[in-house]
1. If you go through region 156-205, how many residues are among the hydroxyl-bearing types (Ser, Thr, Tyr) and assigned to a loop (DSSP other than H, G, I, E, B)?
2. What do you reckon, is Ile66 in contact with a Gly (Cβ under 7 Å, 6 or more places away or on another chain) and surrounded by fewer than 24 Cβ atoms within 10 Å (Cβ to Cβ)?
3. Going through Lys269, Lys247, Lys297, Lys257 one at a time, which residue ends up being away from the ligand (no atom under 16 Å from the Cβ), modelled with pLDDT of 95 or more and farther than 22 Å from Ala159 by Cα?
4. Say we look at region 221-239 and pick out the residues that are more than 16 Å from the ligand (Cβ to nearest atom) and charged (D, E, K, R); which of these is least open to solvent (accessible area, probe 1.4 Å)?
5. Go through region 170-194 and give me each residue that's under 27 Å from Ala58 (Cβ atoms) and in contact with a Ser or Thr (Cβ under 6 Å, 6 or more places away or on another chain).
6. Evaluate the following for Lys242: is it within 27 Å of Ile333 (Cα to Cα) and open to solvent by 20 Å² or more (accessible area, probe 1.4 Å)?
7. Looking only at region 192-208, count how many residues are open to solvent by less than 80 Å² (accessible area, probe 1.4 Å) and more than 10 Å from the ligand (Cβ to nearest atom).
8. Please tell me if Asn31 is of a type in the set (S, T, N, Q) and closer than 30 Å to Gly114 by Cβ.
Amino acid sequence: MNVGIDRINFYTPEFYLDLKDLAEARSVDPNKYLLGLMQKQMSVAPADQDSVTLAANAAKRVVDGIDKDDVGLIIFATESSIDQSKSGSLYLQELLKLSNSARSFEIKEACYGGTAALMSACDYVRTHPNKKALITASDIARYGLNTPGEVTQGAGAVAMIISKDPNIAAISQDNEVYSEQIMDFWRPNYQKNAIANGHYSQEKYLEFFKTVFEEYINKNKSDFAALLFHVPYSKLAYKAFKIACEKIDPSTREMLKKRFDLSIDLNQKVGNIYTASIYLSLISLIIQDPSLKKGDKLGLFSYGSGAVGDFFSIELTDRFKKSIDKKTIVEQIKRRKKLSIQEYEQFFKEQTEIEAKEISIEQKTNLKDFRFLGIKKDQRQYSH
Ligand code: CAA
């Protein structure tokens, strides 16, 4: 039985920062960001968007038109959780009017959370073939103003429906995984911003990639139509891509490089969205490469600091082109309003300063999208 991604959609906030402006404000050569890190822009979340609303806005299109009673599992993957105890998936369930018979929970392992959710959802569908799962990967990447990681922030979510006979891609059960307790990137409970041992985290990402990729190649064919990566920033994914190419027939390298460039296009504009980043790359490739075809095998390297590395493959299925709403995704990027540095810093502070038991949040997101309204008696309020 084929199990995998039946529907997929992406949502990002309506605001972005041009990294040339950030470079100027931080007295850095813009080429460090544009060429050194290969990033162009980053989406910035206003205070009326959090990981729940980003996920709900991504998910509303994928649940539209399906029988909601079929959704037996909801997994909310994030490292920007809004509660230490309660799962964001329960808010999603309410906002999207999903069935109360569904198992509903949150999952976390840094940027690996989305893949952990995907693998768990596939296992669920394999044992409940008439059911579907909704998974969301949703994050606001925050390192802080004037930090080395500032340029690698971003905000957004990807939502997927996982089912048997999927429209977009079947997930192969060929994962090669390596996990180990390391301190490359983490966020203690008392902090809103992540702590990164930046250069060490780069080394570990590449080391984990080599380990799982070599193991994969020893056991499987390397007949990839494309290679996709977790993209904290595009240059690191490109370094991993080059390592992969050392093991791949030179005649196919050019084709893989063209597809790699298409796969990072949206990530270069949105920035790091942690758990959803690799699935944003998948969308970026599919909506921009007309030459992809049914049966093509894509290799994916998922990495979550802390750390877990997972290399696996997926196979494109019959209706993968028709099943992604390219127009809406492209328009979403285009509609974003450019922020000045002052506006960005204000947005950043407003996002990190939501501490009160009672607070009302000013509306910045358009009224059609789900919004975080504020907190009443310690309870988060959302627009329905
Ligand atoms: N023109 C062109 N290139 C330039 C340049 C210029 N003027 N100035 C510098 N560069 C290049 C450098 O040579 C370097 O490229 P190489 O790595 O190819 O040598 C690149 O720009 C970056 O320069 P630095 O290493 O000096 O940059 P930095 O010390 O300021 O920090 C960073 C970069 C470590 C990525 C930092 O932004 C950071 O800490 N980011 C957050 C952590 C992170 O993203 N880690 C990734 C792995 S962990 C993970 O994947 C999980 C996750 O999502 C967080």
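1. Residues flagged as among the hydroxyl-bearing types (Ser, Thr, Tyr) and assigned to a loop (DSSP other than H, G, I, E, B) within region 156-205 amount to 2.
2. no
3. Numbers: Lys269 fails: farther than 22 Å from Ala159 by Cα; Lys247 fails: modelled with pLDDT of 95 or more; Lys297 fails: farther than 22 Å from Ala159 by Cα.
From the options Lys269, Lys247, Lys297, Lys257, the qualifying one is Lys257.
4. For region 221-239, the residue satisfying everything is Asp223.
5. Selection gives Ala170, Ser172, Phe185, Lys192.
6. Against the criterion (within 27 Å of Ile333 (Cα to Cα) and open to solvent by 20 Å² or more (accessible area, probe 1.4 Å)), Lys242 does not qualify.
7. Qualifying residue count, region 192-208: 2.
8. no
The values are calculated or read from the model by the stated rules, or taken from the named source; none is laboratory data. Note that the coordinates shown come from a computational prediction; the quantities given were computed from them, not determined experimentally. Cβ coordinates were reconstructed from backbone atoms using ideal geometry, including for glycine residues, and neighbour counts include every protein chain displayed. Just the protein is used for accessible areas: all its heavy atoms, side chains included, with ligands, DNA and RNA removed. Shrake-Rupley method; radii C 1.70, N 1.55, O 1.52, S 1.80 Å.
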